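A.B. asks: Questions regarding the structure given below will be posed in turn.
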Amino acid sequence: MNNITFAEPLVLYLLAVIPAMIAFYVLKQHKTTASLRMPDLGQFKEAGITFRHYLRHVLFAFRTLAIALLIFVLARPQTTDKFQNMSTEGIDIVLALDISGSMLARDFRPDRLEASKNVATEFISGRPYDRIGLVVFSGESFTQCPLTTDHAVLVNLLREIQSGMIEDGTAIGMGLATAVNRIKDSEAKSKVIILLTDGVNNRGEIAPATAAGIAKTYGIRVYTIGVGTQGVAPYPVQTPYGMQYQDMQVEIDEGILREIAQETGGKYFRATDNNKLVQVYNEIDKLEKSKIDVRQFSRKDEKYHPIALFAICLLGLEIFARNTILRNLI
């Protein structure tokens, strides 16, 4: 792809002299007075201004344009051709996200679900060469987005997630099993699931340990994240007066999350606030890096030659006109 750049871009600041030249020329024209005085100009009233009278300004226009072009020449406009060969050892990743009602607890800003979506979005943006998919679960589970490299679509689908999309509850086993089903047939060198939840498995037909065993069978590594502060947190509670927040004990089944991670060769993390959650995703990002070999070649092509030739022609034309057809008008 060709992009116009300048080897010496600071030279372009010299273009500021062009408006100054124009202003000086206009001011000079207003101050010009005749050197021949006549007692009576009545005899010239019928004499109109001829086209040749305006031609004297052409010389200044030629000179000004030529100077502007020469400044562009000194800045050295160039085009760059880039050739890039890339080989990757791909990683396929499925994000399994808990969207149960407890994810609206406000021990995170603005709440656990929105904080998780924001951090996941940043994680996705930092993995441009990986295929990433999205599974959501609550009382049930479903695939929000299959594995894709179209991360713009993935991020849009992630932003549309809301608690209450499916029946409430926490089916960790179902969420993990759905993620395994989406990634098990992948031919990538590395298959990873990042499972995030804030509760205890209380729904679903598949036990978390069973889903972990299936993941291990397919060589899928599972990183588990427990989201929630230590102690109590403000949880949303439906009351006769509408939704209100009440402090309730945070309960996360860390035992089963550690078991899932250990069984599959992954790692368990506990995120107690927004900053910790960011750190968790950063650590996972470092643990699961694509191997990328890039060979890049750039070729620059100078584009100032036709500009310089045009500027020289303008200067030559000005000199010729000044000494021939417009000599008497100067």
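A.B. asks: Give the calculated FRET efficiency between Lys184 and Glu8 to the nearest 0.05, with a Förster radius of 45 Å applied to their Cβ-Cβ distance.
C.D. replies: The pair Lys184/Glu8 has a calculated efficiency of 0.20.
A.B. asks: A further question on this structure: What residues have an amide H closer than 5 Å to that of Ala7, excluding those fewer than 5 places away on the same chain, when H is modeled at 1.01 Å from N in the peptide plane?
C.D. replies: Gln78
A.B. asks: Still on this model: In nm, to one decimal, how far is the modelled label at Ala152 from the one at Ala16, with both set 7 Å along Cα→Cβ?
C.D. replies: Label at Ala152, label at Ala16, 3.9 nm between them.
A.B. asks: Okay, moving on. Could you work out the mean projected area of the convex hull around the alpha carbons of segment 91-289, in square nanometres to one decimal?
C.D. replies: In nm², the orientation-averaged hull projection of segment 91-289 is 10.1.
A.B. asks: Next question, about the same structure. Show which aspartates and glutamates lie in cross-link reach of Lys303 when reach means a straight Cα distance below 15 angstrom and same-chain residues fewer than eight apart are skipped.
C.D. replies: Glu8, Asp81
A.B. asks: Can I ask one more? Evaluate the distance, in nm, between pseudo-label points positioned 7 Å from the Cα of Asn202 and of Arg159 along their respective Cα→Cβ axes.
C.D. replies: Between Asn202 and Arg159, the label points sit 3.3 nm apart.
A.B. asks: Related question: Under a 5 Å amide H to amide H cut-off, with H placed in plane at 1.01 Å, what residues pair with Phe269 once short-range neighbours are removed?
C.D. replies: Thr224, Ile225, Gly226
A.B. asks: Let me check against my output: what whole-number percent is the relative contact order of segment 91-289, with C-alpha pairs under 8 Å and at least 6 apart? Before the final figure, lay out each step's value.
C.D. replies: On the way: 450 pairs, mean separation 46.6, N = 199.
It comes to 23 percent, rounded to a whole number.
A.B. asks: When a footprinting reagent is the concern and you count Cβ atoms within 10 Å, what order do Leu315, Leu277 take, fewest first? Mind showing how you got there, number by number?
C.D. replies: Numbers: Leu315 17, Leu277 23.
Ranked by crowding around the Cβ, least crowded first: Leu315, Leu277.
A.B. asks: Under 5 Å between amide H atoms, partner at least 5 residues away or on a different chain: which partners does Val94 have, H built in plane at 1.01 Å?
C.D. replies: Those qualifying (amide H under 5 Å, at least 5 residues apart or on another chain) are Gly133, Val192, Ile193, Ile194.
A.B. asks: Students often get this wrong, so check it: of Lys189/Lys276; Lys189/Lys300; Lys216/Lys289, which have C-alpha atoms separated by over 31 Å?
C.D. replies: In this structure, Lys189/Lys300 lie more than 31 Å apart at Cα.
A.B. asks: Sticking with this structure for a sec: For the residues Leu196, Leu113, Leu15, what sequence is obtained by ranking on other C-beta atoms within 10 Å, fewest first?
C.D. replies: Leu15, Leu113, Leu196
A.B. asks: For the pair His305 and Ile325, how long in nm is the line joining their label points, each one 7 Å along Cα→Cβ?
C.D. replies: 3.1
Taken together, the values in this text are just the output of simple stated rules run on the coordinates, not laboratory data. Small disclaimer: the values here were computed from a predicted structure and weren't measured. All Cβ positions, glycine included, derive from the backbone under ideal geometry; neighbour counts span all protein chains shown.
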